[in-house]
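The values are calculated or read from the model by the stated rules, or taken from the named source; none is laboratory data. Being a predicted model, the structure only gives us computed values, none of them experimental. Virtual Cβ from ideal backbone geometry, glycine too; neighbours counted across all protein chains shown.
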Amino acid sequence: MADTIQFDLVSPERRLASLAVTAVQIPGADGDMTAMPDHAPLITTLRPGLLKVEAPGATSEYVVFGGFAEIGTDSISVLAEKAVPVGEMTRADLDAMVTEARDAVEAAKSSDQPHGLVDDAVKLLADMEALGTHMSL
Amino acid sequence: MPSLKDLKNRIESVKSTRKITKAMQMVAAAKLRRAQDAAEQARPYTERFNAVMAGLAASVGGSDSAPKLLIGTGNDKTHLLVVMTSERGLCGGFNTNIVKKARAHAQELQAAGKTVKILTVGRKGRDQLKREYSDMFVGHVDLTEVKRVGYADAQGIAKDVLARFDAGEFDVATLFFATFVNVVTQTPQAQQIIPASFEATGDEGAATLYDYEPDEEAILADLLPRGVATQIFSGLLENGASEQGARMSAMDNATRNAGEMIDKLTIQYNRSRQAVITNELIEIISGAEAL
């Protein structure tokens, strides 16, 4: 098929996916976006969320946390600090991370951090909780 | 002259030592394969990350509002040395070489009148450095319980380092580890992690002009701390492979030495035995002649 683009999903520990795709839905820091071939070159940071990969004949979903996506002219790479195929993600994993995020909020609130940090932590927590409902776990 | 019994005991003990070193060598070889795989798997991430960071750093680096992690605190007084070594010994000169490099660096800095602080990762490095630099120690990260180094471990170390940086405890941080060249060669290396230095991997990144979302500085502020973790992680993986490589060749040498020793002792044993037999014969013959 002509209108596909090379897509790579890598985490620090391994390469999770490398294939030709028709579209990728990326949970960007400023909102979800769908990148298709011939997208303008763009770099965006990620928020915790679902990454949907649409390849010809198959779609797959990954849960990604932190990192960034690079949309180039001939390839899309997502560098996620942590990435897990949706099927392997369990409620317990997510709960552990939500708890961690909650602790981070508390820690940020209790110490006299600049206000932005508290907001960031709160946003992270909200993203993670939203992710839980999204995945209907 | 040791008795026959003594020699026999010696040979037995060297034989069991050889068995152990042989087993350790084989275990190290298996672990080396795994460690190399892990390092291989991590490479695409690190490479892409550094390429993007290099591009970002080049475009933002000039301005005064650039993050401190990138341009530094403006000072150069206090240096933090993060020395990464192994948790276990019996791996030849691996730990000593890293420590030697770190020590040379520390002495150089001290001679230039700078303050040196040391953070160790891995028990062996701490043991070696504690003797002379105990007053400069600011912390130690213990990875004894960690079977397989994961990104989470690197994140833990990075968090510690970054917290110290935010608290203004140091201006420059340098990472010490050994890069894996091959089984017999591991090169100790010093890599500056704060302020970040990204080697541009050629001009391929400059060819594409990217849009940034959110803006470049926000992305940089988000990614720089991750960059520290990434660099520590790749250092840990390199170190893991180097350690197993060093252990493998050290144990190979030990096995060969044990083999040589066994041969030598066996010859000595046989000679002594022959001497005893000859002696006995002489006694019998001279006894018979006397009759």
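Computed quantities for the displayed model
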{"quantity": "Counted residues, region B:156-189 - those being over 20 Å from residue B:125 (Cα atoms) and not hydrophobic (A, V, I, L, M, F, W, C)", "calculated": "7"}
{"quantity": "Of all residues in region B:74-86 being modelled with pLDDT of 90 or more and not hydroxyl-bearing (Ser, Thr, Tyr), the one that is nearest to residue B:146 (Cα to Cα)", "calculated": "B:84"}
{"quantity": "Pairs with Cβ under 8 Å, 6+ apart, first in region B:128-150 and surrounded by 14 or more Cβ atoms within 10 Å (Cβ to Cβ), second of a type in the set (Ser, Thr, Tyr)", "calculated": "B:128/B:85; B:128/B:96; B:129/B:120; B:137/B:120; B:139/B:120; B:140/B:120; B:141/B:120"}
{"quantity": "Any hit, region A:29-50, residues being away from chain B (no Cβ under 14 Å), within 23 Å of residue B:49 (Cβ to Cβ), in contact (Cβ under 8 Å) with a residue 12 or more places away in the chain and small (Gly, Ala, Ser)", "calculated": "yes"}
{"quantity": "Looking only at region A:51-71, and only at residues there that are in contact with a Ser or Thr (Cβ under 6 Å, 6 or more places away or on another chain) and without any contact (Cβ under 8 Å) to a residue 40 or more places away in the chain, the one that is farthest from residue B:215 (Cα to Cα)", "calculated": "A:54"}
{"quantity": "Any hit, region B:16-34, residues being surrounded by 16 or more Cβ atoms within 10 Å (Cβ to Cβ), in contact with a Phe, Trp or Tyr (Cβ under 8 Å, 6 or more places away or on another chain) and assigned to a helix (DSSP H, G or I)", "calculated": "no"}
{"quantity": "Count of region A:72-106 residues which are outside any helix (DSSP H, G or I) and in contact (Cβ under 8 Å) with a residue 40 or more places away in the chain", "calculated": "13"}
{"quantity": "Selected residue (criterion: farthest from residue A:50 (Cα to Cα)) from residues of region A:66-106 that are of a type in the set (Ser, Thr, Tyr) and surrounded by fewer than 19 Cβ atoms within 10 Å (Cβ to Cβ)", "calculated": "A:73"}
{"quantity": "Of all residues making up region B:212-268, the number that are touching a helix residue (DSSP H, G or I) at 6+ places or on another chain (Cβ under 7 Å) and part of a helix (DSSP H, G or I)", "calculated": "37"}
{"quantity": "Selection count, region B:107-163, where residues are assigned to a helix (DSSP H, G or I), acidic (Asp, Glu) and more than 15 Å from the chain's Cα centre (by Cα)", "calculated": "5"}
{"quantity": "Scan of region A:17-28 for residues that are facing another protein chain (nearest Cβ under 10 Å) and more than 13 Å from the chain's Cα centre (by Cα), ordered by number", "calculated": "A:18"}
{"quantity": "Qualifying residues in region A:29-56 (those that are closer than 30 Å to residue B:235 by Cβ and of a type in the set (S, T, N, Q)) - the one nearest to the chain's Cα centre (by Cα)", "calculated": "A:45"}
{"quantity": "Residues of region B:46-62 classified as surrounded by fewer than 20 Cβ atoms within 10 Å (Cβ to Cβ), more than 10 Å from chain A (Cβ to nearest Cβ) and either without any contact (Cβ under 8 Å) to a residue 12 or more places away in the chain or among the β-branched types (Val, Ile, Thr) (or both), total", "calculated": "2"}
{"quantity": "Condition check for residue B:43: within 14 Å of another protein chain (Cβ to nearest Cβ), in contact with a Ser or Thr (Cβ under 7 Å, 6 or more places away or on another chain) and within 30 Å of residue B:184 (Cα to Cα)", "calculated": "no"}
{"quantity": "Residues of region B:209-228 classified as facing chain A (nearest Cβ under 8 Å) and out of contact with any strand residue (DSSP E or B) (no Cβ under 8 Å at 6 or more places or on another chain), total", "calculated": "1"}
{"quantity": "Flag for residue B:196 being surrounded by 12 or more Cβ atoms within 10 Å (Cβ to Cβ), more than 23 Å from residue A:76 (Cα to Cα) and either within 14 Å of chain A (Cβ to nearest Cβ) or at pLDDT below 95 (or both)", "calculated": "yes"}
{"quantity": "Within region A:1-13, considering residues that are part of a loop (DSSP other than H, G, I, E, B) and exposed (fewer than 15 other Cβ atoms within 10 Å of the Cβ), the one nearest to the other protein chains (Cβ to nearest Cβ)", "calculated": "A:3"}
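Let's see how each residue does on (1) of a type outside the set (Phe, Trp, Tyr); (2) at pLDDT 75 or above; (3) assigned by TED's automatic domain parsing to the domain that holds residue A:63:
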position	(1), (2), (3)
A:75	yes, yes, yes
A:81	yes, yes, yes
A:101	yes, yes, no
A:109	yes, no, no
A:114	yes, no, no
A:121	yes, no, no
A:129	yes, no, no
